[in-house]
Each structure stands twice: as C-alpha cells, then as structure tokens.
Amino acid sequence: MLGSMAGDMTVTEVALLGELEALGREVARAKSEIAALRVDDINASHIPTATDELDAVVSHTANATNEILDCCEILEGLQTRLAGSDAATLSDAVTRIYEACSFQDITGQRIGKVVSALKSIEQRVAAVTQTFGRGGPAPPCTEEAPAGVLTQGQELANGPQLPGAGTSQAEVDRLLASFD
C-alpha cells in the first residue's frame, strides 16, 4: 500500500503510516500469542482446579488439627492421674502441641491469600481475552469492598506475613507501650 501512495504522501506521513503498520503487526502477533496460550484451559480448568486443591488442603489441615487437639484433651485428662515430674512433663508436651497447632490457622490464611491471587489472575486473563475478542464473560469480581474502603479491623488483620515483611516485635512493643 505504501508503494502505491508514496508519491502522494510526505516523508512524515510515510513514516507515520509505516509505524502504524508495524503497530498493527505487533497487535496481530500479540493476539496470536494469546490464542496459543490456551487461555480457555487456564480459566476453565487450571485455576479452578488449583483453587479447589488449595481449599481441600485447608479443609484437611483443619480436620487433622482438630483430631490432634482432641487427643490433647485426652492427654490432659490423663495428666491428673500422674504425679510429680511425669505430670509436669505431660503438661509441657501438651502445651507445646497446642502451640504448634497454630500452624493450621496461619496456613489457612496464607492459602487464602494464594486463592485470592489466583482468582484475581483468572479475572484479569478473562478481561484480556475479552479485549482481544476471545473467551466468555469475565468471572465475577469477588472483592468484598473497593480498594481503600477497609474497616479498621481489616486494615490491621493482615494475617501471617512472610519473613521480613510483617510487623516487627519492636513495633508491636511500641504500639502496646503507647496504650499506657
């Protein structure tokens, strides 16, 4: 096309048309790459399967933790039958088990964060595929409140943090000292 119009166009117009054609080729290439990704499989199978598996992990972890806690209660009942250092040793062991079982809540919170991230990715992938004319409607947004509209409890309840990313003990101590 450029060759047939070359005599009627300025150098700037020819350069601009060339850039537009290059941009068109880039968009076509991006569309073909997106089509090759098999996005439908990602949204229809992979992400839902991953979130279902993570939900199952949370459920099984909670069930196992409840079973462990039930056994601890039995051990506490036996503790009254023991005397001296045996009772103290059993009490210490049961306390350590109770403390260790807190992993279940922390694990559940972290997996919940991963599930939320996967659902967000699913929505964004669906939006991109709709933009390029492929795929069905985007999955419904599952956010509870718009960004920036959080209650005080939501702002403070960040759940477990990765090492180095959470609030330090010194910061917690300063906060608690401020209540005095």
Worksheet item: What full-extension length gain, to one decimal in nm, is calculated for Cys101 and Arg81 as 0.36 nm per residue of separation minus the Cα-Cα distance?
Response: 4.7 nm
Worksheet item: To the nearest 0.05, how large is the calculated FRET efficiency for Thr49 and Val27 if R₀ is 35 Å and r is the Cβ-Cβ distance?
Response: 0.65
Item to complete: With a 10 Å radius around each residue's Cβ, average the other Cβ atoms per peptide and rank 65-75, 21-31, 112-122, highest first.
Response: 112-122, 65-75, 21-31
Worksheet item: Rounded to the nearest 10 Å², what accessible area does His46 show when all protein chains are kept and the probe is 1.4 Å?
Response: 110
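Calculate, for the range 68-135, the solvent-accessible area per residue in square angstrom, rolling a 1.4 angstrom probe over the heavy atoms of the protein chains.
On the way: 4460 Å² over 68 residues.
Computed with neighbouring chains in place, this is 66 Å² per residue.
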Item to complete: Set the Förster radius R0 to 25 Å, insert the Cβ-Cβ distance between Thr12 and Gln130 as r into 1/(1 + (r/R0)^6), and round the FRET efficiency to 0.05.
Response: 0.10
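The values are calculated or read from the model by the stated rules, or taken from the named source; none is laboratory data. Keep in mind it's a predicted model, so treat the numbers as computed, not measured. For neighbour counting, all protein chains shown are included, and Cβ atoms are generated from backbone atoms with ideal geometry for every residue, glycine included. Side chains included, ligands, DNA and RNA excluded: accessible areas come from the protein's heavy atoms. Shrake-Rupley method; radii C 1.70, N 1.55, O 1.52, S 1.80 Å.
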